[in-house]
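The values are calculated or read from the model by the stated rules, or taken from the named source; none is laboratory data. Please read all numbers here as calculations on a predicted model, not as lab measurements. Because the Cβ atoms are built from the backbone with ideal geometry, glycine has one as well, and the counts that use them run over all protein chains shown. Accessible surface areas use protein heavy atoms only, side chains included; no ligands, DNA or RNA. Shrake-Rupley method; radii C 1.70, N 1.55, O 1.52, S 1.80 Å.
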Amino acid sequence: NNPPWPAYRGYHEYSFAHATMQSRLPTILGKAIEDATRTLNNQSSEEEVIDLVQCIDRMGELMTDLSGNAKLRPIVDDNEADVALWNKEIAKYFQGKDFMNAPWLFAEAYKYRRLHECFSVSKFWRNYDVFYRQKNDTFSRSSDAVFELSMRFAETFKIPEELSQAEKLEAERLMFLELTQVCLWGNSTDLSLLINMTEDQIKSLQSTGGDHLAATEKNILGNDLTRLWETVQDLREKTGGRIDFVLDNAGFELYCDCVYADFLLQSGLATQIRFHGKRFPWFVSDVTKKDWEWLLNSLAYGQLFPNATDVELESLRRLGMRWKQYEKEGKWVYEQHPFWCTGYTFWDLHSEAPDLFLHLSRSDLVIFKGDLNHRKLTYDCAAPASTPFEVAIGPMASAAGAPKVASLRTIKSDVVVGLGPDGDRIAEKLDQTEVGWKISGKYAVVLLSEGRPG
Ligand code: F6P
Ligand code: MG
């Protein structure tokens, strides 16, 4: 049940695996320790202070293990719903492996699970999120793009009545294509890569205007946008179009996902959207339940943008209130299955989380956001760029009951598939002409698998 290509590993020096395991992860962990220390310095209760100091000590041990390339030990039983899955996978496949020679995807996920363990075994700090400040601050610094979207989409989506049927459909198609791209490129600003970004750099990554989108479509190297539109358009014929988002990052990306999901509902292309987030802090910027609530409530009631005009603030409030209403009515549902925070790739989703697979198989379309989800879909292995997406995602396309799956991902790591028959040549050319093209987030893929009815 594995693909025929080797998985990337930390000791592969040619791969982003190496830089990540060697220096990115220790840097991220160092910043996490700084955050917890900052919190510690603001505590007064003796019990809580002592408890947090112990969390910080455990983070120190993790740092020693990570930088000393220790062997991967089992996760301590902290009563989390995923602990059995973790230890089963370690026992079965990774006995004696260390951070560098275990598959990169697994070792990186393991590091975030160990970071969670530093807190999950504590008394007062079980739910502490070392990345929370950073996630919120970055959203607050994204005002230009946030208002650009809210000023356009606070008003509900209306197509002028006087248009012919064909014109109406065309208007809707164009809006769909634009918002799919907004949702796609929202992924380029994840925090794990952009640790030291300036305000201007954030702005240029988040620019959402129409001209900009036309130019960026050229950078979608595997582009199933048209097929995606056809798929979604078919849903309207049904009475119960359900679209699932397997979320990636909090803040601006989640905001873009919500704008897109709002349009899908308003246009009648979908009647229900289910959002899947993480149960605990994950890969720095991924969405947790707290991040989800923070976004909706900050938009509806918050004061994140002191320099905004009243009209701008009102547009945010309207979006926030509308989205909260969707949640109340059950049109939007937020979920957090334990499987999303394990080290398994999605090649194992049907066997390791059959309940989740069954649940997803009832969806009309499952949209996976971002780079990590793409790595998990494709087993994070060295498949040639011409590999068809359906082949690269294995059982998520071929198992009985596999739903239609779309991956909206800006390319931030080695695995690249779905570029078409000429894909290997395209990838080779970029290798020669543009160093770092696989990690810059400048390029993207929008790939679709038709699934297999159960
Ligand atoms: O460490 C690399 C990585 O796992 C890549 O997948 C990407 O660079 C980043 O971390 C996460 O990106 P995303 O938030 O898009 O999944
Ligand atoms: Mg992420």
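Looking only at the stretch 400-413, residues that are away from ligand 2 (no atom under 16 Å from the Cβ) and either in a loop (DSSP other than H, G, I, E, B) or open to solvent by 10 Å² or more (accessible area, probe 1.4 Å) (or both) come to 5 in all.
Table: residues versus (1) open to solvent by 30 Å² or more (accessible area, probe 1.4 Å); (2) in contact (Cβ under 8 Å) with a residue 40 or more places away in the chain.
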position	(1), (2)
Glu329	yes, no
Val333	yes, yes
Thr342	no, yes
His350	yes, yes
Phe357	no, yes
Asp364	no, yes
Ile367	no, yes
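When the stretch 282-297 is filtered for residues that are buried (at least 19 other Cβ atoms within 10 Å of the Cβ) and away from ligand 2 (no atom under 11 Å from the Cβ), the ones remaining, listed by number, are Thr288, Asp291, Trp292, Trp294, Leu295, Leu296.
Hey, could you check the stretch 371-399 for residues that are small (Gly, Ala, Ser) and within 23 Å of Leu235 (Cβ to Cβ) and say which is nearest to ligand 2 (Cβ to nearest atom)? Give the derivation first.
Of the stretch 371-399, the ones small (Gly, Ala, Ser) are 382-383, 385-386, 392, 394, 397-399.
Okay, now just the ones that are also within 23 Å of Leu235 (Cβ to Cβ), so 397-399.
Working: Ala397: 23, Ser398: 27, Ala399: 25 Å.
Restricting to residues being small (Gly, Ala, Ser) and within 23 Å of Leu235 (Cβ to Cβ), the top hit is Ala397.
Report yes if some residue within the stretch 37-60 is within 16 Å of ligand 2 (Cβ to nearest atom), closer than 17 Å to Pro281 by Cα, at pLDDT 95 or above and outside any loop (DSSP other than H, G, I, E, B); otherwise report no. No. Screening Ala406, Ala400, Ala427, Ala383 for residues that are touching a helix residue (DSSP H, G or I) at 6+ places or on another chain (Cβ under 9 Å) and under 23 Å from Phe16 (Cβ atoms) leaves exactly one candidate, Ala383. Contact map, the stretch 132-157: first residue touching a residue at least 24 places away in the same chain (Cβ under 8 Å), second residue in a helix (DSSP H, G or I) and among the small types (Gly, Ala, Ser), Cβ cut-off under 6 Å, separation 6 or more or different chains; pairs are Ser150/Ser315; Met151/Ser315; Ala154/Ser315.
Report whether or not Gly241 is at pLDDT 90 or above and not basic (Lys, Arg).
On the way: at pLDDT 90 or above: yes; not basic (Lys, Arg): yes.
Yes, satisfied.
For the stretch 214-232, the set of residues classified as in contact (Cβ under 8 Å) with a residue 24 or more places away in the chain and of a type in the set (Lys, Arg) consists of Arg227 only.
Can you name every residue in the stretch 426-441 that is outside any loop (DSSP other than H, G, I, E, B) and either under 17 Å from Lys218 (Cβ atoms) or of a type in the set (Gly, Ala, Ser) (or both)? Steps first, answer last, please.
Taking the stretch 426-441 and keeping what is outside any loop (DSSP other than H, G, I, E, B), we get 426-433.
Result: Ile426, Ala427, Lys429, Leu430, Thr433.
Is it the case, given these coordinates, that Val121 is at pLDDT 95 or above, within 16 Å of Phe280 (Cβ to Cβ) and under 22 Å from the mean Cα position of the chain (by Cα)? So Val121 fails the test.
Lys429 - would you say it is of a type in the set (D, E, K, R), surrounded by 17 or more Cβ atoms within 10 Å (Cβ to Cβ) and farther than 18 Å from Leu235 by Cα?
Values: of a type in the set (D, E, K, R): yes; surrounded by 17 or more Cβ atoms within 10 Å (Cβ to Cβ): no; farther than 18 Å from Leu235 by Cα: yes.
So Lys429 fails the test.
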